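A quick write-up on the structure given underneath.
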């Protein structure tokens, strides 16, 4: 039998003085990687691990300016880059979001409503990945972006029903969906996302109002019966505009470490600030490494959520024979003395129900 491949941490160092020594000696001296580099390599392995099935990652914090869109895009970029694609970033705002505006590639100009217009074709046997590409914006990192509504004259909003159809299509064509959510945790599309998500990501800054809004969201999710989603969540912390006091910082870190499964801190990066388009290839190396750690935390949580293979699923029961409408129309109505439902006992027959409705009317 073939032996297992060697661990990535046994390869020679590339970073720091260890990497310089290896290069200066032409590889004659091959120091092992330091702790930071080894940890980063293991994080990349974690991102690439098997997670099984089509998975949904919900990135949410109702507080504006908490970095939901930034976190959704950076996680999608990182996951797509290291996992080889098959990742889509979905702007699930009930009206207009900004995720597509912050993407590097902003064409084609299609949105969720255009995709919904093609649902019947794409969900049918003739639907193809080529047809699907008309509605997604492919980025250099291999992630595709699904834009929210941009029609200023439209009065309809994306609700739970629309989310269900969009989610079905994306799960057919992508293994991983990273969702940017809006600011209304009571909206139908937001609640659909919460009940459908495999993993929740909570982006915050170490500011009291941002943290309080996130805490309220977690309490609301628990009240909706989603305790496991909360306890398995990943908290991603960005620096605040003004550094908090040491005591406040410690309290916030302790709180989210207790409420959620993992807490990851990412540094400030000017390329990601200010709401401008994010060019993944231009982010700092420190930022890239930190987001790999965040993506590894998300992948670990996805791997921890059980997924059943289709061949292991219980087959559906065979369809039961039902009489044709013509046969039902010819069937005589039961006599009143034998209609046990009218007497307060038993279940009315299928043919009796129309009679009872007509009598009630």
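The values are calculated or read from the model by the stated rules, or taken from the named source; none is laboratory data. None of the values given here were measured: they were computed from a predicted structure. Backbone-built Cβ (ideal geometry, glycine too); neighbour counts: all protein chains shown.
Apart from one condition, residue 142 fits all of (1) surrounded by fewer than 23 Cβ atoms within 10 Å (Cβ to Cβ); (2) in contact with a helix residue (DSSP H, G or I) (Cβ under 9 Å, 6 or more places away or on another chain); (3) over 25 Å from residue 279 (Cβ atoms); the exception is (3).
Among the residues of the stretch 15-45, count how many are under 23 Å from residue 293 (Cα atoms) and in contact with a helix residue (DSSP H, G or I) (Cβ under 9 Å, 6 or more places away or on another chain). Steps first, please.
Taking the stretch 15-45 as the starting set, the residues that turn out to be under 23 Å from residue 293 (Cα atoms) are 15-19, 32-45.
After this cut, where a residue has to be in contact with a helix residue (DSSP H, G or I) (Cβ under 9 Å, 6 or more places away or on another chain) as well, the list is 15-16, 18-19, 32-34, 36-45.
Looking only at that region, the number is 17.
Number of residues in the stretch 194-210 that are more than 20 Å from residue 290 (Cα to Cα) and in contact with a strand residue (DSSP E or B) (Cβ under 7 Å, 6 or more places away or on another chain) equals 5.
Listed conditions (1) in the same structural domain as residue 156 (by TED's automatic domain parsing); (2) free of Cβ contacts under 8 Å to residues at least 12 places away in the same chain are all met by residue 25, apart from (1).
Inspect the stretch 144-161 for any residue being assigned to a helix (DSSP H, G or I) and farther than 22 Å from residue 67 by Cα and give the result as yes or no. First the steps, then the outcome.
Filtering the stretch 144-161 for residues assigned to a helix (DSSP H, G or I) gives 160-161.
When the remaining residues are screened for being farther than 22 Å from residue 67 by Cα, the result is 160-161.
The answer is yes; a qualifying residue exists.
Entry remark, the stretch 86-96: residues being touching a helix residue (DSSP H, G or I) at 6+ places or on another chain (Cβ under 7 Å) and assigned to a loop (DSSP other than H, G, I, E, B) number 1 in total. If you go through the stretch 102-118 and keep only what is within 13 Å of residue 146 (Cβ to Cβ) and outside any loop (DSSP other than H, G, I, E, B), you end up with 112, 113, 114, 115, 116.
Would you mention how many residues in the stretch 249-273 are assigned to a helix (DSSP H, G or I), touching a strand residue (DSSP E or B) at 6+ places or on another chain (Cβ under 9 Å) and surrounded by 15 or more Cβ atoms within 10 Å (Cβ to Cβ)? Don't jump to the end; show me each part of the working.
Here is the first cut: in the stretch 249-273, the ones assigned to a helix (DSSP H, G or I) are 249-259, 270-272.
If we keep only those that are touching a strand residue (DSSP E or B) at 6+ places or on another chain (Cβ under 9 Å) as well, we get 252-253, 256-257, 259, 272.
Now restrict to residues that are surrounded by 15 or more Cβ atoms within 10 Å (Cβ to Cβ): 252-253, 256, 259, 272.
Going through the stretch 249-273 one residue at a time, the tally reaches 5.
Over 18 Å from residue 142 (Cβ atoms) and buried (at least 22 other Cβ atoms within 10 Å of the Cβ): does that describe residue 286? Answer is no for this residue. Residue count for the stretch 119-131 satisfying the condition of being in contact (Cβ under 8 Å) with a residue 40 or more places away in the chain and in a helix (DSSP H, G or I): 4.
Taking the options 222, 236, name whichever one is surrounded by 20 or more Cβ atoms within 10 Å (Cβ to Cβ), within 25 Å of residue 303 (Cα to Cα) and assigned by TED's automatic domain parsing to the domain that holds residue 57. Steps first, please.
Details: 222 fails: surrounded by 20 or more Cβ atoms within 10 Å (Cβ to Cβ).
None of the others qualify; the one that does is 236.
Just to be sure before I move on: is residue 103 in the same structural domain as residue 271 (by TED's automatic domain parsing) and either in contact (Cβ under 8 Å) with a residue 60 or more places away in the chain or surrounded by 13 or more Cβ atoms within 10 Å (Cβ to Cβ) (or both) in the structure I sent? So residue 103 fits the description; yes. Taking the stretch 295-310 as the range and being under 14 Å from residue 236 (Cα atoms) and either over 14 Å from the mean Cα position of the chain (by Cα) or modelled with pLDDT under 95 (or both) as the test, only 296 passes. The set of residues in the stretch 197-222 being touching a helix residue (DSSP H, G or I) at 6+ places or on another chain (Cβ under 6 Å) and assigned to a helix (DSSP H, G or I) consists of 211, 218, 221, 222.
From 168, 229, which residue is surrounded by 15 or more Cβ atoms within 10 Å (Cβ to Cβ) and either part of a strand (DSSP E or B) or in the same structural domain as residue 61 (by TED's automatic domain parsing) (or both)? Spell out how you get there, then give the answer.
Values: 168 fails: surrounded by 15 or more Cβ atoms within 10 Å (Cβ to Cβ).
After applying the criteria, what remains is 229.
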